[in-house]
């Protein structure tokens, strides 16, 4: 039962609970209008202590499409924190007004702290470089929608694998399913961190590391792109040498399977060339839409909202 | 060679890794006790080469979690009428609350000054614990 629970990390959810959320998301996706009033009278506080227009819009849109209302802020200078209020006290106070809290904060562990004091469910919408579980749910729904299931897939993740928290969460979550294989495509400076590889090794999950996107792309069912940031390199020369290796172009897409999908947590900068956008395998803008549906399903479950008859 | 007589009633913390005795002394707050407390450092040991040793002439209720954290190899002997009545071997505790602090500067606990942070043992071999809030690893 997800009712009255908080979601802080993807690992808070069992595979059965993920399945429950995916099923509900797909039902909503098919006939969203049926769900337009299931959260009527419910109030969601969206507390964005750091800017994130995309995630805030997605949560707000999700709640409004369920017939609920939202309140909150996207600038911490307008909140009581600016007056020195602790997170614990903010949680206690907001828990008296709202039915659900969505929080993004630059400090790691903030959502967990809020969940301890709020007395209502808390959804972590990103706590620094730590967790962003609804991005993982978004990615899972996108893959499921295009591929039907996760088992047996070869998933390539490309770009900044060292600092990309959405990639760490997705890889460790997919590794819970049977027979998923990974290709980690990155510059040597930005390879997958040891803690992720240790987890895969412990589970006996197969993975390969490479610096060659062109060489790897033909094997993939899913290609998850992320941005290689200039500031991560010590040497400008090295950055310039490698940056184009990790830009996905229409030319490179010719080497991929006809049913491979391309995903990206967005925003993209230049790591996916715009000539890929019209390719039917480009799933990254649809991914945004699935993000809203999966958040609708999550809000419903945490609030214990009944499915329409 | 310094000789310290046997205690009649109290606790002996033995087999402390050399250099860790003072840390245990501090963490258990032994400096605040009115009873007799002896900290011996760099004592010759057949098994360990050198070791530290603490004798406390008091029936203090010792926080074994603290000891297990600092030195899981230490042993505790409870003494009554000059005889050992119980010996306890330590293991690192699975969870500790309110003893460790998180060293991750990006962790919320360093902004909010939370004192009852729970840490979970993640690697018994290296005595490493993970913060319940940010998962960053730390040790005492």
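The values are calculated or read from the model by the stated rules, or taken from the named source; none is laboratory data. Owing to the predicted nature of the structure, the values given are computational and were not obtained by experimental measurement. Every residue, glycine among them, receives a Cβ derived from its backbone with ideal geometry; neighbour counts consider all protein chains shown.
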Selection from segment A:148-159 of residues that are farther than 22 Å from residue A:23 by Cα and surrounded by fewer than 20 Cβ atoms within 10 Å (Cβ to Cβ): A:154
Output for segment A:13-56, where each listed residue is part of a helix (DSSP H, G or I), surrounded by fewer than 16 Cβ atoms within 10 Å (Cβ to Cβ) and in contact with a helix residue (DSSP H, G or I) (Cβ under 7 Å, 6 or more places away or on another chain): A:32
Residue in segment A:74-89 that is outside any helix (DSSP H, G or I), under 23 Å from the mean Cα position of the chain (by Cα) and at pLDDT below 95 present: yes
Verdict on residue A:58 being away from chain B (no Cβ under 13 Å), modelled with pLDDT of 95 or more, out of contact with any strand residue (DSSP E or B) (no Cβ under 8 Å at 6 or more places or on another chain) and more than 25 Å from residue B:105 (Cα to Cα): yes
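Count, please, the residues in segment B:62-99 that happen to be within 14 Å of chain A (Cβ to nearest Cβ) and assigned to a loop (DSSP other than H, G, I, E, B).
0
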Some residue of segment A:133-146 being within 14 Å of chain B (Cβ to nearest Cβ), at positive phi and under 14 Å from the mean Cα position of the chain (by Cα): no
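Hey, can you tell me all the residues within segment B:44-60 that are more than 10 Å from residue B:13 (Cβ to Cβ), part of a strand (DSSP E or B) and in contact (Cβ under 8 Å) with a residue 24 or more places away in the chain?
B:45, B:49, B:50, B:51, listed by residue number.
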Among the candidates A:83, A:107, residue that is away from chain B (no Cβ under 14 Å) and over 21 Å from residue A:291 (Cβ atoms): A:83
The lone exception for residue A:101 - which of (1) part of a helix (DSSP H, G or I); (2) farther than 30 Å from residue A:223 by Cβ; (3) touching a strand residue (DSSP E or B) at 6+ places or on another chain (Cβ under 7 Å); (4) away from every other protein chain (no Cβ under 14 Å) it fails: (1)
Subset of segment B:101-140 that is within 14 Å of chain A (Cβ to nearest Cβ) and within 20 Å of residue B:16 (Cα to Cα) - its residue that is surrounded by the fewest Cβ atoms within 10 Å (Cβ to Cβ): B:125
